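The values are calculated or read from the model by the stated rules, or taken from the named source; none is laboratory data. In this text, all values refer to a predicted model and were calculated from it rather than measured experimentally. When we count neighbours, we look across all protein chains shown, and the Cβ atoms used for this are built from the backbone with ideal geometry, even at glycine. With ligands, DNA and RNA removed, areas are computed over all heavy atoms of the protein, side chains included. Shrake-Rupley method; radii C 1.70, N 1.55, O 1.52, S 1.80 Å.
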Amino acid sequence: MAASFVAFQVHCSAQKSPISLNSDHFKTLLSSTMFKLQQLPLRIDISKAIKKTSVKLLDAFVDSAFEFTDQPLLPSQSNFAPIDELKEAVLVTSIDGEIPDGFPEGVYLRNGPNPLFGGLKSTKSIFGRSGHMWVEGEGMIHALYFGKGVEGNWTVCYNNRYVETETFKLEKQRNKPSFLPAAEGNSPAIVCAYVLNMLRYGQVNKYLSNTNIIEHSGKLYTIAENHLPQEIDILTLKALDMWDVNGAWNRPFTSHPKKAPGTGELVTFGIDATKPYAELGVISADGKKLVHRMDLKLNRCPLSHEILVTQRYNVFLDYALTVDLGRLLLGGPLIKYDKGGYARMGVMHRYGDADSIKWFEVKPNCTFHFINSFEDGDEIVIRGCRALESVIPGPDQGMNKFEWFSRKFRPIESTEGSLDAMSEDQLVFPRPYEWRLNMRTGHVKERNLTGTQFPMDFPLIHGAFTGLKNKYAYAQVRDCIASSSSGMAKYGGLVKLSFEEPNTGISSRQRQVEGLTKEEYHMFKENTFCTGASFVPKEGGIEEDDGWIITFVHNEDTNISQVYLIDTRNFSSEPVAKITLPCRVPYGFHGAYIPMQLHEKLTRMVPHA
């Protein structure tokens, strides 16, 4: 830690003589700054904290003492590499099949990391190494526009663009990596990154805005857990202002807020490494007012990715994947998952306070993505893609990342035995799971919804059923062989889950597994993988599953990216349309389809359309 820091010299370009900084001085700087870090929000006013001349001095120190290096990608990881942005929409003419009747005009968007300057970086210095996690990297939006003319003809356009946050603009202007990575690596190096980023820029981390895309009250926002949502112009993809709900919300924002059924209010929460560790907020349906805010009064900071709603309640998960500055200062990792740690789910009325939360102890788990939640008599039913270990941040300090991920993604050899009898190498496999929390008795019932043959993640439903009882859900199916070979998760197909129909599949021992959900699969060709799947309801549709799954798909053999439209009522059949894109689309995270009238707007975006 700081006690082991040795004296060093920094050559400042502004002065000809070197500047000495001994270990005692640096220890004092670290101690005082980290104390403030634990007491105050991780955002300060630079103008009050340090003078311009001192900032230049710190810049010179960083340039001299820290070396940025690329975190290399393997050939099998080629479609995780960033691409150049277009900024302006281009016409798409290659469509195999037809856009079906009932498909609404609108925009299909997907967010994901597209790191500046060629890829993710790590740094090395006398303090050790620090690096970015695999989920980091500046956000880039990929958008496919569908406009329908009066005669029924379709115009399709594609565009992509970086999410130009404040920190994106700062590094772009400097034309070089500037923020020191502060997520994983040697503890002293991460502490130094925290301190130096705060002193130079007023915040610890970059505003990535690379995880999800949501719409609220007619406005589009990109989100990542570490900052406020960024408003985006849906036609140009240009970044507008950050959304702080007219100054009422001043902390990070979950990547998966939920619209409350009936009211249209947006329920969110934000975590922070300092107290209060988690706060919940309810935003008005028009997006202009924060109508409720409360401290959950947690005694740790869980890296919880999603919040849930029912008609009357908010539901959140407090589990053992935590961000802990105290652990970091003692030489441990900043982010860690404790497999032996406790997990619990909290249920509160929409506008309740911390004292009104009813806590339910559940089996230890790491669930990033939930399917849905709803009320069923005395029970709150929660469904999600549960794993027993976290893929964030990845291996412990000093371990080889590729080897760790490759082993964790190794295919399951047998589907027999207990569904919880997973080997150590298979604990990161998320599978559909159900919790039933009895509000009257306090009892919890848990069960697996599917078998172990395919890990599934990134679930989605018909958005109108958020917080209400739903019959169907969809998810991306992980290709274990491809994921293990590349050391990065790849999704080789999609699955449709029918909760009110039993699984009629037969196990290898000719025994039907009772109580499991019906599964239908849409698997892609070899070396073809998807991201950002979203459900598009059919105009005038009657049934919950009237619609299509839309998803970005990439063929690694041809290096061609497409968008597929898959009929959810004829799920295993070929896509009704395959739309070939003008450039490669890297793998990313979450997608959304925003219905809107577009035809006239597209003619202005692409005049020759």
Selected residue [out of contact with any Leu (no Cβ under 9 Å at 6 or more places or on another chain) and not in a loop (DSSP other than H, G, I, E, B)] from G326, G281: G326
Residue list for region 480-489, restricted to those being open to solvent by less than 10 Å² (accessible area, probe 1.4 Å) and more than 17 Å from T452 (Cβ to Cβ): S486, G487
Test result for R584, out of contact with any Phe, Trp or Tyr (no Cβ under 9 Å at 6 or more places or on another chain) and either under 18 Å from S534 (Cα atoms) or free of Cβ contacts under 8 Å to residues at least 12 places away in the same chain (or both): no
Which numbered condition N111 misses (of (1) part of a helix (DSSP H, G or I); (2) of a type in the set (S, T, N, Q); (3) modelled with pLDDT of 95 or more): (1)
Enumeration of residues in region 527-546 that are under 26 Å from the mean Cα position of the chain (by Cα) and either within 15 Å of G106 (Cα to Cα) or surrounded by fewer than 16 Cβ atoms within 10 Å (Cβ to Cβ) (or both): N527, S534, F535, V536, P537
Some residue of region 304-320 being more than 15 Å from K259 (Cβ to Cβ) and open to solvent by 50 Å² or more (accessible area, probe 1.4 Å): no
Restricting region 419-437 to residues that are surrounded by fewer than 16 Cβ atoms within 10 Å (Cβ to Cβ) and not acidic (D, E), the residue that is modelled with the highest pLDDT: S423
Total residues in region 439-474, condition buried (at least 17 other Cβ atoms within 10 Å of the Cβ) and closer than 17 Å to E501 by Cα: 9
Of all residues making up region 148-159, the number that are under 17 Å from S94 (Cβ atoms) and either assigned to a strand (DSSP E or B) or in contact with a Ser or Thr (Cβ under 9 Å, 6 or more places away or on another chain) (or both): 6
Qualifying residues in region 453-491 (those that are part of a loop (DSSP other than H, G, I, E, B) and farther than 25 Å from V135 by Cβ) - the one modelled with the lowest pLDDT: Q453
Selection within region 128-137 - open to solvent by less than 10 Å² (accessible area, probe 1.4 Å) and not in a strand (DSSP E or B): G137
Residue tally, condition in a loop (DSSP other than H, G, I, E, B) and in contact (Cβ under 8 Å) with a residue 60 or more places away in the chain, over region 547-558: 1
Residue check, P82 modelled with pLDDT of 95 or more, buried (at least 19 other Cβ atoms within 10 Å of the Cβ) and in a loop (DSSP other than H, G, I, E, B): yes
Residue that is surrounded by the fewest Cβ atoms within 10 Å (Cβ to Cβ), among those in region 547-583 that are closer than 13 Å to K525 by Cα and charged (D, E, K, R): D557
Odd one out for W359, checked against (1) open to solvent by 60 Å² or more (accessible area, probe 1.4 Å); (2) touching a residue at least 60 places away in the same chain (Cβ under 8 Å); (3) of a type in the set (F, W, Y); (4) in a strand (DSSP E or B): (2)
The one condition in (1) at pLDDT below 95; (2) in contact with a Ser or Thr (Cβ under 8 Å, 6 or more places away or on another chain); (3) among the polar types (S, T, N, Q) that S373 fails to fulfil: (1)
Filtered residues of region 514-546 (kept if small (G, A, S) and in a loop (DSSP other than H, G, I, E, B)): G515, G540, G541
Inter-residue pairs, beta-carbon under 6 Å, first among the polar types (S, T, N, Q) and in region 368-380, second buried (at least 18 other Cβ atoms within 10 Å of the Cβ) and modelled with pLDDT of 95 or more, 6+ apart: N372/R383; N372/I461; N372/N470; S373/L308; S373/T310; S373/V315; S373/I382
Filtered residues of region 238-278 (kept if part of a strand (DSSP E or B) and closer than 22 Å to T466 by Cβ): K258, K259, L266, V267, T268, F269, G270, I271, A278
Residue count, region 192-230 (criterion: hydrophobic (A, V, I, L, M, F, W, C), assigned to a helix (DSSP H, G or I) and open to solvent by 10 Å² or more (accessible area, probe 1.4 Å)): 2
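Condition check ((1) without any contact (Cβ under 8 Å) to a residue 40 or more places away in the chain; (2) among the polar types (S, T, N, Q); (3) out of contact with any strand residue (DSSP E or B) (no Cβ under 7 Å at 6 or more places or on another chain); (4) open to solvent by 10 Å² or more (accessible area, probe 1.4 Å)) across all residues:
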position	(1), (2), (3), (4)
L237	no, no, no, no
D241	yes, no, no, yes
G247	yes, no, yes, yes
R251	no, no, no, yes
L266	no, no, no, no
Hits in region 333-356 - residues which are open to solvent by 70 Å² or more (accessible area, probe 1.4 Å) and in contact (Cβ under 8 Å) with a residue 60 or more places away in the chain: K339, Y351
